[in-house]
Amino acid sequence: MPAMKLIQSVGIGGANKPGDVKAVQTALNSLLSLIAPTRKLTVDGRLGSRPENSKTVAAIKLFQSKVVNMVRPDGKIDPNGRTHRKINEKLASAVTAAVVPISGNLKTTLKRNVKAYEGNIPHMYLDTLGFLTVGVGHLLKDVEAAKKVPFIVRDTGVKASIQQIEGEFKSIKAMPWGKKYEATYYKPFTTLVISEAVREAQVEHHIKTFESELKTIYGASEFASYPDDVKLALFDLIFNLGMPRLKDTFPNFNRHMKAHDFKKAAIESNRKDVSAERNTYVRNLLANAK
């Protein structure tokens, strides 16, 4: 978001004009990753009859303590004062971080590792949870999603028809699945594949999407500040879990992440539906991050 503009002071002893209070609430909502465990503030322009008891003032004090490093937070933001300037500094950093992609070297390592753990399978198959998949962990949530993928006939290289894609989707979807069924088990029952170029494009798209989602969970500037090993661990987690599960079902892990305690986060990173080798890979990335 753009810089926060204040006309008059907000907080304990402030003028607390509704427009200024809304500006503070909106800005702090954009910086929640810096003031955990603060929850999203209601942007209503009000602090109540006793501002010192409001959630907005509590968030101001926490920001002053954790980010401004004030020994005695006063719960007040003055126009162009110390707290106001620091909020705008962090807002600017967040905007920059949100548009800066991961480095080329990190992306190369990420692609290699994701392919090693997700597989790089040109035909449809069922993963260990029974989800129909193709390429590098590319989920086909339904037949309509499958129809959008440019499948070709393996033996001829000819573009597959909608009917062929639909038929193969339904055929594979009806097959058994589980840990004892590897992706290669399904190959004899398939006739359609996707090219290496398509698989590579899918990976690029997933990385871009997951990077945006990780910045949403942890904050753009915070994610940008993480060591590369931590970013690799987070990408592996979100590739496997998806954003909702990573965000909502790993509360202890996320609490340690936001505190930058990567060693404790490593202990909480274990997943039940992946190999011990893959869990060890992520745990070591976090535990040894510098």
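Since every read-out is calculated from the coordinates, none of them should be taken as a lab result. This one's a predicted model, so the numbers in the text were calculated from it and none came from an experiment. Backbone-built Cβ (ideal geometry, glycine too); neighbour counts: all protein chains shown.
Counting only Cα atoms, the size of segment 59-174 along its three principal axes is 71, 30, 25 Å, in decreasing order. Overall, segment 172-266 carries a charge dipole of about 440 debye about its Cα centre when +1 sits on the Cβ of Lys and Arg and -1 on the Cβ of Asp and Glu, all other atoms neutral. Placing +1 on the Cβ of every Lys and Arg and -1 on the Cβ of every Asp and Glu, with nothing else charged, gives segment 44-189 a dipole about its Cα centre of roughly 540 debye. A simple spin-label model places pseudo-atoms 7 Å from Cα toward Cβ; at I162 and D44 they are separated by 5.0 nm.
Our coupling estimate for segment 228-240, obtained by passing each phi through the Karplus curve with A = 6.51, B = -1.76, C = 1.60 and θ = phi - 60°, is 4, 4, 5, 4, 4, 5, 5, 5, 5, 5, 6, 4, 7 Hz, Gly and Pro reported as x. Measure up K22/K258; K187/K263; K107/K179 against 32 Å on the Cα-Cα distance and list the ones that go over. Correct reply: K187/K263. Think of it as helices only: each DSSP H run of n ≥ 4 in the chain is worth -39500 (n - 2.57), and spread over all residues that comes to -15500 deg cm²/dmol at 222 nm.
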